[in-house]
1. May I ask for the distance between the Cα centers of the stretch 195-266 and the stretch 61-117, given as a whole number of Å?
2. Say R0 is 60 Å: what FRET efficiency, to the nearest 0.05, do Asn415 and Val75 get from their beta-carbon distance?
3. Ranked highest first by average number of other Cβ atoms within 10 Å, how do 365-375, 47-57 line up?
4. Measure off 7 Å from each Cα along the Cα-to-Cβ vector at Glu225 and Leu65, then give the distance between these two points in nanometres to one decimal.
5. Which entries of Lys214/Lys391; Lys268/Lys391; Lys201/Lys380; Lys176/Lys201; Lys268/Lys380; Lys253/Lys382 show an alpha-carbon separation above 24 angstrom in the structure shown?
6. Which FRET efficiency value, to the nearest 0.05, is calculated for Lys274 and Asp57 with the Förster distance at 35 angstrom and r the Cβ-Cβ distance?
7. What's the FRET efficiency of His249 with Met396 using the Cβ-Cβ distance as r and R₀ = 60 Å, to the nearest 0.05?
8. So, by mean Cβ neighbours within 10 angstrom, what's the order for 201-208, 388-395 with the highest one leading?
Amino acid sequence: MTLQKLNQYGHEFQIKVLSSLLTHKEFLTNIHDIIDEEYFENQAHRWAIKEILRYYDKYHTTPSLDILKVELQKVENDVLQVSVKEQLKTAYVASDEDLEYIQEEFTNFCRNQQLKKALMSSVDMLKAGDFDGIRFLIDGALKAGSDKNLGHEYEKDIEERYRVDNRRTIPTPWNKFNELLQGGLGNGDFGLVFGNPGGGKSWCLVAMGGYAVKLGYNVLHYTLELGEDYVGRRYDAFFSNIPVGETKHHKEKIEEIVPQLEGKLVIKEFPTGKATVSTIESHIKKSTDLGTKPDLVLIDYVDLLSSKRRNRERKDEIDDIYTSTKGLARELDVPIWSVSQVNRAGARDEIIEGDKAAGSYDKMMIADFAASLSRRKEDKVKNTGRFHIMKNRYGMDGLTYSVIADTSTGHFEVNQYNPDAEIDDTMVSSHRSNSYDVDVDRGEKSKMWQKFNQFNL
């Protein structure tokens, strides 16, 4: 793309856009959601666009010239005042004979201006070697102004709301979770598991990923703390039911099992603090382009991502990262699971509540589903623990379940919670020998769908 082409929507085009906004309410209504005052290079134009949008948001119509004159009196910069008056005068007397052309080209104008902005921003990113970030900016610029979807029209879209496959879900290994989630985590959903250090959070992600792969789904597992090879060995342990510390002695069995898996698993490591949500998005798109579109994304864990907006309070950065991750799930229409730490008080609790989330309570509020896994020292000795449902957008929360946890293979047995129950060693050993040590056939998906669709909270 030449510089000349990038400059094709110059001053004359922009003054006609301003003119159309001032004199045609319908045009303003149609492009209100995609226009940005930063697309306009003249400061006077930017001021006028900002005032038009502010007025429209409040009164749902275009401001008159008299209204703009009143607002202009509040501007302390005399030079800007004079410039705005001249531009408004030009805009109001401009011919509307090109209105149809302006309307047709407006989306291209937005995309063009966003691309110019992205190219200028990419200079510093290029120096830093952030090529994934540059790609994200460029991709976003090329999409600018392209969303013409009005939204879900309540009266017309009844059939859409009740279509059987409207909400596609990826089941977890635990029926209790699937029942609460009405089948599993859905496309566009963001799920979280909170827990104390060394409590088995990362193993939960392995269990979710491994179970999905057995069902024939493609899984992308991002690790920001552990190495790719080590995470791979954890999956070996899950699939083979051989403790992770012993898998190196059973490579033949693993080599026999892996080719039988129906889904595809990709494990990608990013150094702690070096990757952003944009980095993750770029890799997902690259993976899709190369033929592996993920059905499920796992991030271990989101707190270790960097915010693009540095030099802020860490809480604000964390909220930013979590909001962006939730947005990523929505944009790519894929479920995302991650894990997070709890604070020191939460690490000592028998049942971890939502107020014990480390860093920011807003994490739980952003997620569609949030559960905690509490495993104190005595639990780790007995291979026990408790899942507590902190938040559930799709059903009941506040429930607690007992867990038998084998953190050498990633197998968790989830049962109704009974605080007075005693769990002996025979139950744990029986769990290791029997749990998950079965093949998942191709028909299991459809059976699960039937079961989940019949489930009624």
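We did not get these values from a lab; they are worked out from the coordinates using the rules stated. It should be emphasised that the depicted structure is a prediction, and the values quoted were computed from it without experimental measurement. Neighbour counts run over all protein chains shown; Cβ positions are idealised from the backbone, glycine included.
1. 58 Å
2. It comes to 0.35.
3. The densest-packed peptide leads the list: 365-375, 47-57.
4. Between Glu225 and Leu65, the label points sit 6.5 nm apart.
5. Checking Cα-Cα distances, Lys214/Lys391; Lys268/Lys391; Lys268/Lys380; Lys253/Lys382 exceed 24 Å.
6. Efficiency, from the Cβ-Cβ distance: 0.35.
7. 0.85
8. 201-208, 388-395
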